[in-house]
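First up is the structure itself, then whatever we jot down about it.
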Amino acid sequence: MAAQIAPGPIHHLRLTVTDINRSRAFYTSLLGFEVAVDSPPEGDPNEAAARTILFGGCVMIRGNLLMGLRPVAPGGDRFNEDRVGLDHLSFSVGSRAELEDARRLFKERGVPHGEITRLPSFGIDILEFRDPDNIQLELTAAVV
């Protein structure tokens with residue numbers, strides 16, 4: 001019997017959101033995710049079976065990352081990284097220049113964000129930002 005489990009890379013993640021259309025637009029238009037699987041429309045014969053898996057949401061893909069959006073949070077609910085659970089989700093980018101481009105895009109689109117911060121002990125620069133449900137996201141670039 002193994003003494004430890006040896007997990008591989010993250011297979012997928014799912015975020016609980018309040019508004020599927022708003023969140024889908026944010027992740028597809030800003031971060032380049034593509035919808036891989038969408039919930040069937042109301043009245044579709046597959047709607048009930050899909051609801052047990054997709055909860056009225058969708059699964060998106062970007063590279064090797066699958067990310068689901070699950071619209072079951074009550075309207076007005078907001079993410080809080082100080083509660084038990086997720087603190088933040090970080091996406092890698094290729095360079096500090098990409099962080100600077102992202103900061104300009106966030107400003108143009110009114111996306112709440114911080115400043116680019118260097119974390120020397122980790123050898124990275126980060127740029128924190130928020131999605132429409134206040135989920136704390138981050139872009140990370142290696143310092144070269």
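The values are calculated or read from the model by the stated rules, or taken from the named source; none is laboratory data. None of the values given here were measured: they were computed from a predicted structure. All Cβ positions, even for glycine, are placed from backbone atoms using ideal geometry, and neighbour counts span all protein chains on display. Surface areas here come from the heavy atoms of the whole protein model, side chains and all, with no ligands, DNA or RNA. Shrake-Rupley method; radii C 1.70, N 1.55, O 1.52, S 1.80 Å.
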### Query
Between Asn64 and Glu42, what length comes free when the chain is fully extended (0.36 nm per residue of separation minus the Cα-Cα distance, one decimal in nm)?
4.9 nm
#### Entry: Rounded accessible area per residue of the chain, 1.4 Å, Å²
64 Å²
### Message
Give me the one-decimal nm value for the distance between modelled label points at Gln4 and Val143, 7 Å along each residue's Cα-to-Cβ direction.
### Response
2.8 nm
### Task
About the Cα centre of the chain, how large is the charge dipole given +1 on each Lys and Arg Cβ and -1 on each Asp and Glu Cβ? Please answer in debye to the nearest 20.
120 debye
### Task
Express in nm, to one decimal, how much length is gained between His88 and Ile116 on full extension, taking 0.36 nm for each residue of separation and deducting their alpha carbon distance.
8.5 nm
#### Entry: Percent of beta bridges antiparallel (DSSP, the chain, rounded to nearest 5)
70 percent
### Message
As an exercise, use a Förster radius of 25 Å and the Cβ-Cβ distance of Glu98 and Arg14 to find the FRET efficiency, rounded to the nearest 0.05.
### Response
0.45
### Query
In whole Å, how far is the Cα centre of the stretch 105-144 from that of the stretch 56-79?
20 Å
### Query
Considering only protein heavy atoms and a 1.4 Å probe, what is the carbon-and-sulfur percentage of the accessible area of the stretch 10-144?
53 percent
### Query
Which listed residue (Ile20, Gly114, Ile53) has the Cα farthest towards the positive end of the charge dipole for the chain, taking +1 on Lys and Arg C-beta and -1 on Asp and Glu C-beta about the Cα centre?
Gly114
## Note on the structure
Summing -39500 (n - 2.57) over every DSSP H run of at least 4 in the chain, dividing by its residue total and rounding to the nearest 500, the 222 nm mean residue ellipticity is -7000 deg cm²/dmol
### Query
Mean projection of the alpha-carbon convex hull of the chain over all orientations, in nm²?
12.0 nm²
### Query
Excluding the sites themselves, what is the longest stretch of the chain that contains no trypsin sites (Lys or Arg not before Pro) in a DSSP loop with at most 16 other C-beta atoms within 10 Å?
1-77
